[in-house]
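Presented below is the structure to which this report refers.
The values are calculated or read from the model by the stated rules, or taken from the named source; none is laboratory data. The structure presented is a predicted model; accordingly, all values stated were derived computationally and were not measured. Backbone-built Cβ (ideal geometry, glycine too); neighbour counts: all protein chains shown. Accessible surface areas use protein heavy atoms only, side chains included; no ligands, DNA or RNA. Shrake-Rupley method; radii C 1.70, N 1.55, O 1.52, S 1.80 Å.
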Amino acid sequence: MTATPVDPTSTPAWSQLAALAEHFEPDLRGWFAADPDRVARLTHVAGDLHVDLSKALLTDEVLAALLALAEQVQVAERREAMFAGERVNVTEDRAVLHTALRLPVDAHLEVEGRDVVAGVHEVLERIYDFARRVRSGAWTGVTGERIRTVVNIGIGGSDLGPVMAYEALEPFRGEGPECRFISNIDPTDAATTLAGLDPATTLFIVSSKTFGTLETLTNARLCRTWLLEGLADRLGEASEADAVAQHFVAVSTALDKVADFGIDPANAFGFWDWVGGRYSLDSAIGTSLVLAIGPERFAEMLAGFHTLDEHFRTAPPERNVPLLMGLLNVWYTNFLGAQSHAVLPYAQLLHRFPAYLQQLTMESNGKGVRWDGSPVTTDTGEIFWGEPGTNGQHAFYQLIHQGTRLVPADFITVANPAHPLRDGDTDVHELFLANFLAQTRALAFGKTAEEVRAEGVAEAVVPARVFPGNRPSTSIIAPELTPSVLGQLVALYEHITFTQGIVWGIDSFDQWGVELGKQLAQQVGPAIAGDAEALAQQDASTRALIDYYHRHRRQ
Ligand code: F6P
């Protein structure tokens with residue numbers, strides 16, 4: 001990574017985009033009418049993903065300027081540097097190689113003298129072997145009973161990816177164990193997640209890249225206590241250490257800390273500092289998913305990731321879907337004033353996908369300085385949010401359709417649902433798809449005052465019933481939500497995020513912005529617990545809130 005990022009605002013392409021934005025008059029109705037090839041020209045295929053950008057606020061001139069911008073800020077060079085294992089995570093002085101996690105076993109990637117692929121597959125094989133033993137019943141709990149439930153203890157990237165993927169791929173679980181997830185340090189999370197479980201048939205995976213995260217270690221200790229108390233009368237000849245060994249495994253880059261916690265390093269799966277937390281679903285952090293869906297399905301997911309990696313690396317810019325979607329987001333954010341981005345899966349199984357994307361995109365690109373430490377030269381980051389359709393339609397779509405803010409939206413669906421059901425003669429998935437299509441149509445083309453009047457609406461309410469249209473959306477559709485398609489979707493958004501980060505000149509792979517709160521929590525904790533000196537060091541608002549807590553808590 002060169003010392004100084006290219007300032008995007010200094011490029012000719014940026015000036016051109018600014019000039020285009022100044023006189024930009026979006027007209028999706030007109031553009032569609034004037035150009036019968038628009039859909040064909042702006043629809044692209046990446047792996048199994050069919051991506052329709054025709055309802056984007058995009059003209060040929062804007063597209064050309066965006067592609068020129070990508071060239072001028074050197075997206076392709078940065079992409080190669082990342083894939084090659086250069087230390088593109090500058091502030092942490094690390095390579096960024098989540099793409100190596102999904103390289104096929106016969107691939108070669110040597111980084112700083114080490115064969116990365118061999119290491120990746122060695123760990124994968126250990127995880128696969130463990131998963132086969134648990135799934136077959138060869139690995140039992142300490143009382144000899146089969147493992148029925150797996151509880152992943154982790155937070156952030158050590159939780160959001162596994163839980164999102166587990167929910168998404170539930171139809172592929174078959175006889176695999178049920179998985180539950182504890183992330184929050186709110187004790188309610190552990191209490192409600194463990195409720196009803198039998199310790200004898202429960203396996204815990206403590207997932208933490210650093211093995212130093214307060215929430216995860218606290219929850220791990222709570223779970224260990226719960227396990228030992230629950231098994232106290234059933235241990236027979238076995239010791240507590242035996243119980244922990246049979247019921248606790250760990251996933252981490254810090255195997256020494258795993259041992260300190262009391263988990264046998266033989267029951268730990270490692271990964272590497274070049275895997276960022278929010279990019280770690282396809283590392284050992286996915287162990288709960290391997291247990292649930294089995295090694296073969298997990299391998300299919302990795303292959304799906306790799307398909308999109310190859311697409312991002314090799315597809316020409318004008319057909320490169322992650323590149324185009326990343327550039328479009330720059331257009332919306334930096335030139336058309338969009339502040340947020342909706343992700344709307346029309347697939348109930350993807351209900352945690354927006355939450356997953358929030359960490360991926362916002363922890364990556366919510367930065368105010370560039371990778372050389374200088375201030376950013378333009379707005380960065382987008383606020384990602386969303387809910388599955390059609391639920392969102394009955395909640396917040398009003399604002400997207402008629403509000404004063406521009407909210408670009410990604411609509412995601414599949415041709416074949418996991419659970420095809422009929423309501424009499426009606427295929428319910430078709431009803432669902434009709435909503436997907438209707439929404440993107442309404443957003444793009446709106447409804448004019450004339451069309452409203454033609455319906456006999458009283459003049460006084462015509463304005464309220466007009467839909468302005470020209471609200472941009474991207475439609476993504478795949479044949480069905482297989483493990484491979486899920487991997488492709490995640491990799492798509494990883495590379496969109498990367499593209500935006502390069503344009504803005506930021507290090508998308510650090511997350512220093514989460515540190516201050518962690519440090520302050522260490523200082524506030526003693527103040528809450530009654531340490532007068534620590535209390536005196538707090539600001540007046542914090543002291544008053546602590547006072548409220550003490551006056552109201554039950555003794
Ligand atoms: O606090 C943010 C963060 O560092 C995330 O980036 C990460 O995914 C999460 O915490 C969990 O970290 P760990 O896996 O080290 O417990």
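For the pair R554 and F445, label points projected 7 Å from Cα toward Cβ lie 5.9 nm apart. Round to the nearest 10 and give me the degree value, 0 to 90, for the angle of helix 515-529's Cα axis relative to the longest principal axis of the chain. Roughly 50 degrees between the two axes.
At a 1.4 Å probe, what is the % contribution of carbon and sulfur to the accessible area of segment 420-478? After summing per-atom areas, the C and S share lands at 58 percent.
Run the paramagnetic zone check for R405: 7 angstrom along Cα to Cβ, then residues of segment 319-339 with backbone nitrogen under 14 Å. Counting backbone N atoms under 14 Å from the label point, the list is 333, 337-339. With distances taken between every two different alpha-carbon atoms, segment 52-153 has a Kirkwood hydrodynamic radius of 18.1 Å. Taking amide H as placed 1.01 Å from N in the peptide plane, the amide H of S340 sits under 5 Å from that of I383, each at least 5 places away or on another chain. With the convex hull of the Cα atoms taken as the outline of the chain, the averaged projected area works out to 31.8 nm². Diffusion of segment 361-453 by Stokes-Einstein, at 4 °C in a medium of 1.567 mPa s and with Rh set to the Kirkwood radius over alpha-carbon pairs, works out to 77 µm²/s.
Between the C-alpha center of segment 214-229 and that of segment 165-188 there is a gap of 18 Å.
Applying 0.36 nm per residue to the separation of A33 and T143 and subtracting their alpha-carbon distance, the gain on full extension is 32.6 nm. Each label was represented as a point 7 Å from its Cα along the Cα-to-Cβ direction; for D273 and H351 these points are 4.0 nm apart. Estimated at 0.36 nm per residue, the fully extended path between D531 and R543 surpasses their Cα-Cα distance by 3.1 nm.
Simple rule: put +1 on each Lys or Arg Cβ and -1 on each Asp or Glu Cβ in segment 1-66, find the dipole, and look at L66, T11, V39; the Cα lying farthest toward the positive end is V39. The overall shape of segment 121-272 is rounded: from the C-alpha gyration tensor, with semi-axes ordered a ≥ b ≥ c, the ratio a/c is less than 1.5. Only bridges whose two residues both fall in the chain count here: according to DSSP, what percent of them are antiparallel, nearest 5? The antiparallel fraction comes to roughly 30 percent.
On the beta carbon distance between E237 and R126, with R0 = 35 Å, the FRET formula returns roughly 0.80.
Distances between placed amide hydrogens fall under 5 Å for G276 paired with L97, H98, all partners being 5 or more residues away or on another chain.
The distance separating the Cα centre of segment 439-474 from that of segment 258-285 comes to 53 Å. Between E318 and E480, what's the calculated FRET efficiency when r is the beta-carbon distance and R0 is 35 Å? Round to 0.05. My answer for the efficiency is 0.80. Packing here is the average count of other Cβ atoms within 10 Å per residue, and on that basis the peptides 171-183, 357-369, highest first, run 357-369, 171-183. Ligands, DNA and RNA left out, the 1.4 Å accessible surface of segment 1-53 is 55% carbon and sulfur atoms. Distance between the C-alpha centres of segment 53-114 and segment 232-248: 48 Å, rounded to the whole angstrom. Accessible surface calculations at 1.4 Å, restricted to protein heavy atoms, place the chain at 43 Å² per residue.
Total lysine pairs in the chain at Cα distances under 26 Å, for residues eight or more apart or on different chains: 6. Split the accessible area of segment 210-314 by element, probe 1.4 Å, and carbon with sulfur accounts for 49%.
With the simple model of a label 7 Å out from the Cα in the direction of the Cβ, T218 to E430 spans 5.3 nm.
In a fully extended conformation the segment linking A415 and E61 would gain 124.1 nm over its present Cα-Cα distance, using 0.36 nm per residue.
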